[in-house]
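*Asks:* Before I ask anything, here is the structure I am working with.
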Amino acid sequence: MHSHSLQPSISLVASATAKTAATAPSQVFDTKAIQKLDSAHYLHPFTDFKDLNEKGARVMIKGDGIYLWDSEGKQILDGMSGLWCVNVGYGRTSIAEAVYQQMNVLPFYNSFFNTTNVPAVQLAAKLVEISPPQFNHVFFTGSGSEGNDTNLRMVRRYWDLLGYQDRHVIISRHNAYHGSTVAGASLGGMSGMHAQGGLPIPGIEHIGQPNYFEAGRGKTEAEFGIEAASWLEQKILEVGPEKVAAFIGEPVQGAGGVIIPPATYWPEIQRICDKYGILLIADEVICGFGRLGTWFGSELMGIKPDLMTFAKGVTSGYIPLGGVMVGDRVADVLIEKGGDFNHGFTYSGHPVACAAALENIRILQEEKLVEKVGNKTGPYLKQQFATLASHPLVGFADSCGFVAGLNLVKEKAEVVHDCVLFDAEQHVGMICRGYMFGNGMIMRAVGDRMIIAPPLCMSIEQIDEMIGLIRLCLDQTLADLQERGWV
Ligand SMILES: *Cc1c(COP(=O)(O)O)cnc(C)c1O
């Protein structure tokens, strides 16, 4: 018996059926039985448990390329790369093979107590090779959240070692997402997360996000970018420059709704950080590994961060792995003056995860997927996505590499800030998302902003297919809203 088939251990298989397409799954699952067990025992992340139990979860059973299949046999175009992570697409057997080989040789050993393992060493060297020149060291974690916990401890340790114990405040932004651990959620700026469990922890401050659609009224994008960056300087002066350790930001905010900053924003942030000697942390968990058409989003934004968080795309989500690229400015102090850094995880440098990452990066390089998104498919997506702006429901649409978003509005206007918005309680984004799912398209709703982050292997033809699906769903949403009398 070989383990490649989707053979569940309990009887959730209804029957075997003939294949409907070369890549479609060959088994039909008993969806109701799975949903029942799911409701009975599985508490899902970021989920209203009771609500889900009533509706029943969608059961994904297979992925291939940019497509998924659910237990009902429905084929779905995954416009979100899973959760912003499946950069090389589904069904890469060479990653499975690399993992299998490594598991057979050495499934685990830790990196504590002066030991190491070959895949972790190879991956550290590889990451240094593909990242900007100031990075020569890496600290491995199991996830992006743990990476940001590491950042928090590392920047405070850095300033301690230099004799600046007061420099402990980290400035972040509203609506940022930096993970779900206590430090990650505190660094993040999600009000719904802060409302639970007494967050944020002390020593973390938040400023506004560079959201032109929401906050740029009366200004050009370039002017607004400078203004949004100036909020950092205001906050530094309010806290006291001698107390500020670092600024953290995603090059393009992901979970906050694909907030693409004006081109003037990041260089001004860099200037302000330099002026006050503050460390700059780029959370590259989404933007890293080609998402914006460059290996790291920092390169596109023209900044030189001291630390970069990574996770997600480093293994294309095939197996969990995260970490922090540590720039020379920080690494030199930690190494020369540091002594023990009392921080680390059982799975820091996990050999199997590192083997998966090495093969994933090999695929990205061999197929030139980063360059492709930068020069060919990214620009094509930009052009095609922009055509959606003429739809009667779309007030604003923008994209950057392989992330894109559009704002659903009640009434369009020449100047985006004059658009009339829907009431939040109408949940128009969720209505639109329902039509997307119904038509086999995954597009996420953040309020009334609809967002995508497709796999980097997506072809020109598949972009056309995706844009066609989005347009169809926008039409159906419009018809629905007209029927309700909401537009
Ligand atoms: C997903 C995400 C994280 C958290 O990563 P996990 O692996 O879920 O812990 C952190 N930062 C950003 C920007 C993310 O998108």
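*Asks:* Is it the case, given these coordinates, that THR20 is assigned to a loop (DSSP other than H, G, I, E, B) and at pLDDT below 95? Before the answer, list the steps.
*Replies:* Numbers: assigned to a loop (DSSP other than H, G, I, E, B): yes; at pLDDT below 95: yes.
So THR20 fits the description; yes.
*Asks:* Taking the range 395-408 as the search range and keeping residues that are among the aliphatic types (A, V, I, L, M) and surrounded by 22 or more Cβ atoms within 10 Å (Cβ to Cβ), which one is nearest to MET301 (Cα to Cα)? Explain how you work it out, then say what you get.
*Replies:* The first filter runs over the range 395-408 and keeps only residues among the aliphatic types (A, V, I, L, M), leaving 397, 403-404, 406, 408.
Remaining after also requiring surrounded by 22 or more Cβ atoms within 10 Å (Cβ to Cβ): 403-404, 406, 408.
Details: VAL403: 15, ALA404: 16, LEU406: 21, LEU408: 27 Å.
Only one residue fits best here, namely VAL403.
*Asks:* I'd like to know if the range 230-250 contains one or more residues that are farther than 21 Å from GLY184 by Cβ, among the polar types (S, T, N, Q) and loosely packed, with under 15 Cβ neighbours inside 10 Å.
*Replies:* Checked against the condition, which is being farther than 21 Å from GLY184 by Cβ, among the polar types (S, T, N, Q) and loosely packed, with under 15 Cβ neighbours inside 10 Å, the range 230-250 yields at least one hit.
*Asks:* Only one of ALA246, ALA255 is in the same structural domain as LEU279 (by TED's automatic domain parsing), within 14 Å of the ligand (Cβ to nearest atom) and of a type in the set (A, V, I, L, M); which? Please lay out each step first, then the result.
*Replies:* Details: ALA246 fails: within 14 Å of the ligand (Cβ to nearest atom).
Answer to the selection: ALA255.
*Asks:* Counting just the residues of the range 133-158 that are of a type outside the set (Lys, Arg) and surrounded by fewer than 21 Cβ atoms within 10 Å (Cβ to Cβ), which one comes out nearest to the ligand (Cβ to nearest atom)?
*Replies:* Of the range 133-158, the ones of a type outside the set (Lys, Arg) are 133-152, 154-155, 158.
Next, from what is left, pick out any that are surrounded by fewer than 21 Cβ atoms within 10 Å (Cβ to Cβ): 133-134, 136-137, 142.
Working: PRO133: 23, GLN134: 20, ASN136: 23, HIS137: 20, GLY142: 8 Å.
Only one residue fits best here, namely GLY142.
*Asks:* Being farther than 30 Å from ASN117 by Cα and exposed (fewer than 15 other Cβ atoms within 10 Å of the Cβ) narrows it down to one residue among ILE460, ILE451; which is it? It would help to see each step written out before you state the result.
*Replies:* Numbers: ILE451 fails: exposed (fewer than 15 other Cβ atoms within 10 Å of the Cβ).
Every option except ILE460 fails the conditions.
*Asks:* Going by what's in this entry, would GLY179 be described as of a type in the set (Gly, Ala, Ser), part of a loop (DSSP other than H, G, I, E, B) and more than 16 Å from the ligand (Cβ to nearest atom)? Walk me through how you get there before you give the answer.
*Replies:* Values: of a type in the set (Gly, Ala, Ser): yes; part of a loop (DSSP other than H, G, I, E, B): yes; more than 16 Å from the ligand (Cβ to nearest atom): no.
No, not satisfied.
*Asks:* Is one or more of the residues making up the range 77-90 farther than 28 Å from THR294 by Cβ and either touching a residue at least 24 places away in the same chain (Cβ under 8 Å) or not assigned by TED's automatic domain parsing to the domain that holds VAL314 (or both)? Walk me through how you get there before you give the answer.
*Replies:* Taking the range 77-90 and keeping what is farther than 28 Å from THR294 by Cβ, we get none.
No, that holds for no residue.
*Asks:* Looking for something surrounded by fewer than 18 Cβ atoms within 10 Å (Cβ to Cβ), of a type in the set (Lys, Arg) and either modelled with pLDDT of 95 or more or not in a helix (DSSP H, G or I) (or both) - is there at least one such residue anywhere in the range 88-111? Steps first, please.
*Replies:* The first filter runs over the range 88-111 and keeps only residues surrounded by fewer than 18 Cβ atoms within 10 Å (Cβ to Cβ), leaving 91, 93-94, 96-97, 100-101, 103-110.
Going one step further and asking which of them are of a type in the set (Lys, Arg), we end up with none.
There is no residue in the range 88-111 that is surrounded by fewer than 18 Cβ atoms within 10 Å (Cβ to Cβ), of a type in the set (Lys, Arg) and either modelled with pLDDT of 95 or more or not in a helix (DSSP H, G or I) (or both).
Conditions tested, residue by residue: (1) in contact with a helix residue (DSSP H, G or I) (Cβ under 6 Å, 6 or more places away or on another chain); (2) at pLDDT below 95.
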| site | (1), (2) |
| --- | --- |
| LYS304 | no, no |
| THR309 | yes, no |
| LEU334 | no, no |
| ASP340 | no, yes |
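*Asks:* Let me ask something else about it. Any residue in the range 246-270 that is assigned to a helix (DSSP H, G or I) sitting within a Cβ distance under 6 Å of a residue that is within 11 Å of the ligand (Cβ to nearest atom)? List the pairs, counting only those 6 or more apart or interchain.
*Replies:* Sorted first by the residue in the range 246-270, then by its partner, the list stays empty.
*Asks:* Follow-up. Only one residue in ALA397, ALA413, ALA404, ALA389 is closer than 22 Å to LEU292 by Cβ and over 23 Å from the mean Cα position of the chain (by Cα), so which one is that? Walk me through how you get there before you give the answer.
*Replies:* On the way: ALA397 fails: over 23 Å from the mean Cα position of the chain (by Cα); ALA413 fails: closer than 22 Å to LEU292 by Cβ; ALA404 fails: over 23 Å from the mean Cα position of the chain (by Cα).
Matching residue, one of ALA397, ALA413, ALA404, ALA389: ALA389.
*Asks:* Among (1) farther than 18 Å from VAL352 by Cβ; (2) touching a helix residue (DSSP H, G or I) at 6+ places or on another chain (Cβ under 6 Å), where does ARG153 come up short?
*Replies:* Going through (1) farther than 18 Å from VAL352 by Cβ; (2) touching a helix residue (DSSP H, G or I) at 6+ places or on another chain (Cβ under 6 Å) one by one, ARG153 breaks only (2).
*Asks:* While we're here: Taking the residues in the range 468-487 that are surrounded by fewer than 16 Cβ atoms within 10 Å (Cβ to Cβ) and among the aliphatic types (A, V, I, L, M) as candidates, determine which candidate is nearest to MET450 (Cα to Cα).
*Replies:* LEU472
*Asks:* Looking at the range 186-196 only, could you name the residues that are small (Gly, Ala, Ser), assigned to a helix (DSSP H, G or I) and surrounded by 23 or more Cβ atoms within 10 Å (Cβ to Cβ)?
*Replies:* Kept after step one, since they are small (Gly, Ala, Ser), are these residues of the range 186-196: 186, 188-189, 191-192, 195.
Adding the requirement that they be assigned to a helix (DSSP H, G or I) leaves 186, 191-192.
If the condition is that a residue be small (Gly, Ala, Ser), assigned to a helix (DSSP H, G or I) and surrounded by 23 or more Cβ atoms within 10 Å (Cβ to Cβ), then SER186 is the only one that fits.
*Asks:* So, one more: Check LYS219, LYS235 and return the single one that is outside the structural domain of GLY447 (by TED's automatic domain parsing), modelled with pLDDT of 95 or more, under 25 Å from ARG153 (Cβ atoms) and of a type outside the set (A, V, I, L, M).
*Replies:* Result: LYS235 is the single residue among LYS219, LYS235 that is outside the structural domain of GLY447 (by TED's automatic domain parsing), modelled with pLDDT of 95 or more, under 25 Å from ARG153 (Cβ atoms) and of a type outside the set (A, V, I, L, M).
*Asks:* When you go through ARG217, ARG167 one by one, which is the residue that is in a loop (DSSP other than H, G, I, E, B), away from the ligand (no atom under 16 Å from the Cβ) and closer than 20 Å to PRO305 by Cβ? I'd like the intermediate steps shown before the answer.
*Replies:* Numbers: ARG217 fails: closer than 20 Å to PRO305 by Cβ.
When all the criteria are applied, what remains is ARG167.
The values are calculated or read from the model by the stated rules, or taken from the named source; none is laboratory data. Not measured: the values here are computed from a predicted model. Here Cβ is always computed from backbone atoms with ideal geometry, including for glycine, and neighbour counts include all displayed protein chains.
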